[in-house]
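The values are calculated or read from the model by the stated rules, or taken from the named source; none is laboratory data. As the structure is a prediction and not an experimental result, all values here were calculated from the model. Because the Cβ atoms are built from the backbone with ideal geometry, glycine has one as well, and the counts that use them run over all protein chains shown.
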Amino acid sequence: MADTSTVLVTGATGFIGSRLARALVDDGATVRALTRRPDAYDGPGTPYGGDVADEGSLADALAGADVAVYLVHALDREDFAERDAAAARSFGRAAARAGVRQIVYLGGLGDEGDDLSPHLRSRREVEGLLGAAGVPVTVLRAAIVVGHGGISWELTRQLVKNLPAMVVPRWTATRTQPIAVDDVIRYLVGVIGDERALGEVFEIGGPEAMTYVDMLTVAAEVASGRPVPIVRVPVLTPRLSSYWLALVTDVDVTTGRNLIDSMSTEVVVTDHRIRALVPGDPLPYREAVRRALAERLAGGDAI
């Protein structure tokens, strides 16, 4: 992290936001945690009441902030794209009025074009809308983030745990580039307040490009010491897959369908410029899985 005094973290109670707030506090930043329930907040930093969907509620939290980190998404709703677009416009305007010098956004990895899923297209739209009022935006684009509490990782963990054999649809042969949550936090901290990152888009990922079947296989080996038999089926649409996921995991149908839509698109890192700005080797997928399971066990939950 560069010389930055005050950072507002949205989504501060979430999977990424809670970890980032802790890392920033440990790094010496003054952290403001945006939450709709400030009285109930017990995490790192100082809680500020506000809602990205309510532009007027953001003024106090943003006043005097140097950097704002935007970590808000609405995948559990059918109209998530409209909601995310409206919130990004509001947040960008409020940040500009407050004189914020940088917005940092964690978006989704994937090539530009018509083949992007609705989820990834929405992420791209938010990138532009956050900066529409004039605040420079730094974007980090990631695929699946592996860590305890992450929704995409939780799908993987529960599938491996709950199914003696894995019946997988064709889209699981799509390649992706998973990244450990520790590396996501390291990259976020690294670009915050760094003038070289203003207005830039960086791709972030772990060292391996792998299919979803590969990911499931490795996760099963780490969790149980044995592989899970894989049975491929030729036709299972994203919609049907989402109902299947809802049967064998606790992820709701709408969120599952939005995630699966994105899993049909290959998302691999093609631009490695972030390595020059934030040096360090990212963790291998197997180690990321081991850490995610270890954190879950440390919290008192079974693998």
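Numbers below:
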item	result
Neighbours by Cβ (under 6 Å, 6+ apart or cross-chain): first from the stretch 273-292, under 24 Å from residue 201 (Cα atoms); second in a loop (DSSP other than H, G, I, E, B)	274/204; 282/206; 282/207; 284/207; 285/178; 285/206; 285/208
Filter pass, residue 200 being charged (D, E, K, R), out of contact with any Lys or Arg (no Cβ under 6 Å at 6 or more places or on another chain), at pLDDT 95 or above and farther than 14 Å from residue 276 by Cα	no
Residue match in the stretch 15-23 (condition: part of a loop (DSSP other than H, G, I, E, B) and not acidic (Asp, Glu))	no
Unmet criterion (only one of (1) at pLDDT 95 or above; (2) outside any helix (DSSP H, G or I); (3) over 22 Å from residue 199 (Cβ atoms)) for residue 68	(3)
Selection status of residue 76, within 21 Å of residue 144 (Cα to Cα), at pLDDT below 95 and either of a type in the set (Phe, Trp, Tyr) or touching a His at 6+ places or on another chain (Cβ under 8 Å) (or both)	no
Subset tally (residues that are touching a residue at least 60 places away in the same chain (Cβ under 8 Å) and hydroxyl-bearing (Ser, Thr, Tyr)) for the stretch 207-227	1
Residue in the stretch 263-281 that is assigned to a helix (DSSP H, G or I), at pLDDT below 85 and over 30 Å from residue 67 (Cβ atoms) present	yes
Flag for residue 92 being of a type outside the set (Lys, Arg), part of a loop (DSSP other than H, G, I, E, B) and surrounded by 23 or more Cβ atoms within 10 Å (Cβ to Cβ)	no
Qualifying residues in the stretch 119-148 (those that are touching a helix residue (DSSP H, G or I) at 6+ places or on another chain (Cβ under 6 Å) and at pLDDT below 90) - the one surrounded by the most Cβ atoms within 10 Å (Cβ to Cβ)	122
Subset tally (residues that are farther than 12 Å from residue 140 by Cα, in contact with a Pro (Cβ under 8 Å, 6 or more places away or on another chain) and part of a loop (DSSP other than H, G, I, E, B)) for the stretch 197-211	3
Among (1) among the basic types (Lys, Arg); (2) in a helix (DSSP H, G or I); (3) touching a helix residue (DSSP H, G or I) at 6+ places or on another chain (Cβ under 9 Å) - the single one residue 83 does not satisfy	(3)
Residue within the stretch 43-57 that is assigned to a helix (DSSP H, G or I) and hydrophobic (A, V, I, L, M, F, W, C) present	no
Criterion (surrounded by 19 or more Cβ atoms within 10 Å (Cβ to Cβ), modelled with pLDDT of 95 or more and closer than 21 Å to residue 124 by Cα) met by exactly one of 52, 9, 31	9
Filter result for residue 190 (modelled with pLDDT of 95 or more, surrounded by 16 or more Cβ atoms within 10 Å (Cβ to Cβ), part of a helix (DSSP H, G or I) and of a type in the set (Gly, Ala, Ser))	yes
Test: residue in the stretch 64-80 that is within 17 Å of residue 6 (Cα to Cα) and surrounded by fewer than 18 Cβ atoms within 10 Å (Cβ to Cβ)	yes
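Condition check ((1) without any contact (Cβ under 8 Å) to a residue 40 or more places away in the chain; (2) under 17 Å from residue 106 (Cα atoms); (3) in a loop (DSSP other than H, G, I, E, B); (4) touching a Leu at 6+ places or on another chain (Cβ under 7 Å)) across all residues:
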residue	(1), (2), (3), (4)
125	no, yes, no, no
128	yes, yes, no, no
133	no, no, yes, no
138	no, yes, no, yes
148	no, no, yes, no
160	no, no, no, yes
